[in-house]
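Enquirer: Next up is a structure, given as structure tokens.
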Amino acid sequence: NDTGYVFSGYTTPTKYYEEYLIPQKEMHDTLKKIPGDNHFIHCSNIEKYFNSTEGEYFNRNKDILELLLANGSRVKFRSIEFKSEEGRKLKYNECKVYHYYGYISQIDSYLLSVSYYESSSYMLINNKSGKSIEICGNPVLSIDYKKIMCTSHSGDFGFDPNKVTVLSIKNNEFIIEFDKNADSYQPTEPRWLSNNIFVVKNNKLDLKQPD
């Protein structure tokens, strides 16, 4: 029986990934095809795409992104763009821009992308309660849709953390069940093997120059 989480790096052929259920795969494949020279532009174009397919769930009014909840109430997110505000030059850590990134029916939650000056994250908002949580990467649902895993990695520049997080949903609220920094490598390609076991790819970079 599955009793816990397995957190380990692996290096296996691509065929290995296809043997397991990957929820939201069709949506992910669609979004990857949407153009954008950087994360901000890509997410802006994704929001435009969803405006034609899910526009009844959200509204954009300049820097305000508004979501319609199941009970008829609305939640608003105000972006602070990457530019001067009211004549004052913004500091890099003040910039924060929200884009609509889709509705995940399996967990009845909205997904937003969050763009910072040199990094990015995502945010989940429960459709029933309006409760939200910012997460380090794109969510990957467990096979029974009861858990959510996300990973992030620092890449070549170190703006994002090397991290793995697992959430569950209880009483329409997101609960952190597992949260671990991966200091020695960069976790990528998260996959659920069962409802309680997951793996991530060890994408460790060797930045040493050859002799």
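Enquirer: In what sequence, highest mean first, do 41-50, 180-189 appear when ranked by Cβ atoms within 10 angstrom? Working shown, then result.
Expert: Values: 41-50: 17.5, 180-189: 15.6.
Ranking, from highest mean packing down: 41-50, 180-189.
Enquirer: Continuing with the same structure: Say the cut-off is 28 Å between C-alpha atoms; which of K48/K180; K48/K131; K76/K146; K62/K201; K96/K128 go over it?
Expert: K48/K180; K62/K201
Enquirer: Also, quick follow-up: Quick check: residue separation of D144 and N61 times 0.36 nm, minus the Cα distance between them. What number comes out in nm?
Expert: Numbers: separation 83, 0.36 × 83 = 29.88 nm, distance 3.64 nm.
Length gained, D144 through N61: 26.2 nm.
Enquirer: Can you give me the distance in nm between label points at Y185 and Y49, each placed 7 Å from the Cα along the Cα-to-Cβ direction?
Expert: Rounded to a tenth, the inter-label distance reads 3.0 nm.
No lab work stands behind these numbers, since they all come straight from the coordinates. On a predicted model such as this, the values are computed, not experimentally measured, just so you know. Counting neighbours? That spans all protein chains shown, and the Cβs are built from the backbone with ideal geometry, glycine included.
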